[in-house]
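Report on the following structure.
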Amino acid sequence: MAGINMNGPISVRMAQSVMNRYEKAQMLWHYEHGLVLQSIFHLGLKTGNEEFCSYVKTMYDEKITPSGDILSYKENEYNLDQINPGKVLFLLYSKYGEEKYKIAIEKLREQLCKHPRTKSGGYWHKLIYPWQMWLDGLYMQAPFYTEYAFKYSTGAEFANSLKDIGHQFSIIESKARDEKTGLLYHAWDESRQQKWANPDTGCSPHFWGRALGWYCMAIVDVLEIIQPSKALCEEVFEALCGITQRLIDPLINFQDAQSGLWYQVLDKGQEAGNYTESSASSMYVYFMTKMLRLGLIEENKINIVKKSAYTGYQGLLNLKLQEELSSDGTQSQLHLNDICFVAGLGGNPYRDGSYEYYIGEPKGADDFKGVGPFILASMEQEALNS
C-alpha cells in the first residue's frame with residue numbers, strides 16, 4: 001500500500017513514531033496533545049504494552065504537580081479546549097492511583113460548573129468567544145463530563161449531569177444542522193453579532209470537515225461510556241443515538257468516491273483549492289467503525305457503513321501515509337500528510353469562515369489533531385478486521 005511496510009499494526013507503528021519524535025519537554029496542556037496521548041494510552045491498554053502507558057504518564061507528570069495543580073492551566077479563561085487533556089487523567093488515576101490526578105480532575109470539573117453558557121444552556125466555546133457554540137467544543141468537554149458523572153456523581157447530580165450532556169449535543173444539532181445536506185455548520189452564534197454569523201440562523205457559512213469530525217468523535221465516545229448503564233439514562237442514550245443516525249447518510253453522501261476520503265470543506269469537493277483532509281477523514285473512519293463495534297448502526301445500514309469506513313481507511317493508508325526509513329534501512333517512522341494545522345472563527349486577525357479561509361489555512365504532516373484520530377481509527381479498523 002503506497003510502499004508502506006504493513007508488518008505490524010499500523011496503530012502501534014504510528015504511536016511508536018510519535019514517541020520517537022516527541023519528548024516530555026514538549027508537553028503542553030493543550031487539547032491536541034491530550035488527544036494524541038489519550039490514543040497512545042488506550043493502545044497501551046489494548047495491547048498490554050506498558051511502554052505506551054508509562055510514556056504518557058511521563059508526559060503528564062511534566063504538567064501535574066504533586067499537589068494536583070496543572071501547570072499553565074487557567075480556569076478563568078473558561079476555554080473548553082483546556083478540558084480535553086483531562087480525559088487522560090481518568091486513565092492515569094485508574095491505572096496508577098496517584099491522588100494528584102484526581103485533584104486535577106476536580107479542578108477541571110469545577111471549570112464546567114462555572115463555565116458561561118448561552119441562554120439556551122450551551123457552553124460558550126471560550127470566554128473570548130461569547131454566546132458561541134462550536135462543534136469542536138462538544139469533543140473538548142462532553143466525554144470528560146460524562147466520565148466524571150459516571151465515576152463520581154450520584155443521585156440528582158448524576159441525573160442532571162446526563163440530562164445536561166444530552167442537551168449540549170441537541171442544542172448545537174438543532175441550531176447548526178442544514179436540512180438540505182444533513183451536515184452541521186462549524187459554529188453557531190446565539191447573539192448574531194459575529195461577522196461570520198448568518199443574521200437569520202446565527203450559523204457560520206460552511207461545513208468544515210474537522211469540526212464535524214470533533215462532534216462525531218464526541219458523541220460516539222459519550223455513547224461508549226453510557227452504553228453499559230444505559231438503563232440509568234435511557235432517554236439521553238436514545239436521543240444521542242438518534243443524532244448519530246442522522247449523521248451517517250450525510251457522511252456517506254459527501255465521501256469522495258475516488259479516494260474514499262473527505263474534503264476540508266465537506267460539500268465543495270470539486271471546487272478549486274479544496275483537498276481531501278486527513279484529520280477529518282480519520283475522525284469519520286473512527287466514528288463509523290466504533291459505531292459498528294458498539295452495535296449502534298441500524299441493521300439495514302451495517303454493510304454500507306462498514307464499506308464506507310473501510311474505504312476511508314484504505315484511502316488514508318494509500319494516499320496520506322508515508323514511511324521514512326532510517327539511513328541504514330533498519331527502522332522506519334510513519335508520517336500522516338495533509339492535515340489542516342488550525343482553523344477557527346473570529347479572533348484577531350479575524351477569521352471570517354469563508355471558503356477561501358478554510359482552504360487557505362496551512363496544512364502539513366504529523367499534526368496531533370490528525371495523528372491522534374488516525375491511531376484511534378487504526379485501532380478500531382484493526383479490531384474490526386482481525
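The values are calculated or read from the model by the stated rules, or taken from the named source; none is laboratory data. Computed from a predicted model, the values in this text were never measured in an experiment. Positions of Cβ are backbone-derived with ideal geometry, glycine not excepted, and every protein chain shown enters the neighbour counts.
Applying a threshold of 9 Å to beta carbon distances and a minimum spacing of six or more residues, or different chains, the list of pairs starting in the stretch 72-84 at a residue that is closer than 16 Å to Val342 by Cα and among the charged types (D, E, K, R) and ending at one that is modelled with pLDDT of 95 or more and not in a helix (DSSP H, G or I) reads Asp81/His30; Asp81/His125; Asp81/Lys126. Residue count for the stretch 260-294 satisfying the condition of being among the acidic types (Asp, Glu) and buried (at least 19 other Cβ atoms within 10 Å of the Cβ): 1.
Across the stretch 7-32, the qualifying residues are those that are touching a helix residue (DSSP H, G or I) at 6+ places or on another chain (Cβ under 6 Å) and assigned to a loop (DSSP other than H, G, I, E, B), and the one among them that is modelled with the lowest pLDDT is Met27. I'd like to check something: does the stretch 364-386 contain any residue that is in contact with a Lys or Arg (Cβ under 8 Å, 6 or more places away or on another chain), surrounded by fewer than 20 Cβ atoms within 10 Å (Cβ to Cβ) and not in a loop (DSSP other than H, G, I, E, B)? Yes, the stretch 364-386 contains at least one residue that is in contact with a Lys or Arg (Cβ under 8 Å, 6 or more places away or on another chain), surrounded by fewer than 20 Cβ atoms within 10 Å (Cβ to Cβ) and not in a loop (DSSP other than H, G, I, E, B). The residue pairs whose first member lies in the stretch 181-205 and is among the basic types (Lys, Arg), whose second member is surrounded by fewer than 24 Cβ atoms within 10 Å (Cβ to Cβ), and whose beta carbons are closer than 6 Å, counting only pairs six or more residues apart or on different chains, are Arg192/Pro199; Arg192/Gly202. Might you let me know whether the stretch 114-125 holds any residue that is among the hydrophobic types (A, V, I, L, M, F, W, C) and over 18 Å from Gly34 (Cα atoms)? Scanning the stretch 114-125, I find at least one residue that is among the hydrophobic types (A, V, I, L, M, F, W, C) and over 18 Å from Gly34 (Cα atoms), so the answer is yes. Whenever a residue of the stretch 109-124 is hydroxyl-bearing (Ser, Thr, Tyr), its partners that are part of a loop (DSSP other than H, G, I, E, B), lying with C-beta atoms within less than 8 angstrom and at least six residues away or across chains, give the pairs Thr118/Trp124; Thr118/Trp131; Thr118/Glu190; Ser120/Glu190; Tyr123/His115; Tyr123/Pro116.
Residues in the stretch 330-365 that are modelled with pLDDT of 95 or more and of a type in the set (Val, Ile, Thr): Ile339, Val342, Ile359. Within the stretch 271-287, being outside any loop (DSSP other than H, G, I, E, B) and out of contact with any Cys (no Cβ under 9 Å at 6 or more places or on another chain) holds for Thr276, Ser281, Ser282, Val285. Looking only at residues in the stretch 314-329 that are of a type in the set (D, E, K, R) and at pLDDT below 95, the one that is nearest to Gln255 (Cα to Cα) is Glu323.
Does Leu35 count as within 23 Å of the chain's Cα centre (by Cα), at pLDDT 95 or above and buried (at least 22 other Cβ atoms within 10 Å of the Cβ)? For Leu35, the condition - within 23 Å of the chain's Cα centre (by Cα), at pLDDT 95 or above and buried (at least 22 other Cβ atoms within 10 Å of the Cβ) - is met.
The numbered conditions (1) over 18 Å from Asp81 (Cβ atoms); (2) crowded, with 22+ Cβ neighbours inside 10 Å are all true for Ser161 except (2). For Ile297, are the conditions met, namely being hydrophobic (A, V, I, L, M, F, W, C) and buried (at least 17 other Cβ atoms within 10 Å of the Cβ)? Considered against the rule, which asks whether it is hydrophobic (A, V, I, L, M, F, W, C) and buried (at least 17 other Cβ atoms within 10 Å of the Cβ), Ile297 comes out as yes.
If we scan the stretch 226-237, do we find a residue that is surrounded by fewer than 20 Cβ atoms within 10 Å (Cβ to Cβ), of a type in the set (Lys, Arg), under 18 Å from Arg293 (Cα atoms) and over 16 Å from the mean Cα position of the chain (by Cα)? Yes, the stretch 226-237 contains at least one residue that is surrounded by fewer than 20 Cβ atoms within 10 Å (Cβ to Cβ), of a type in the set (Lys, Arg), under 18 Å from Arg293 (Cα atoms) and over 16 Å from the mean Cα position of the chain (by Cα).
Within the span defined as the stretch 132-149, every residue fails to be over 21 Å from Leu184 (Cβ atoms) and surrounded by fewer than 15 Cβ atoms within 10 Å (Cβ to Cβ).
With the structure loaded, tell me whether Ser67 is in contact with a His (Cβ under 8 Å, 6 or more places away or on another chain), at pLDDT 95 or above and either under 27 Å from Tyr313 (Cβ atoms) or exposed (fewer than 13 other Cβ atoms within 10 Å of the Cβ) (or both) or whether it fails that test. Against the criterion (in contact with a His (Cβ under 8 Å, 6 or more places away or on another chain), at pLDDT 95 or above and either under 27 Å from Tyr313 (Cβ atoms) or exposed (fewer than 13 other Cβ atoms within 10 Å of the Cβ) (or both)), Ser67 does not qualify. When Lys307, Lys268, Lys290 are checked against the criterion of being more than 26 Å from Pro228 (Cβ to Cβ) and either under 18 Å from the mean Cα position of the chain (by Cα) or assigned to a loop (DSSP other than H, G, I, E, B) (or both), a single residue qualifies: Lys268.
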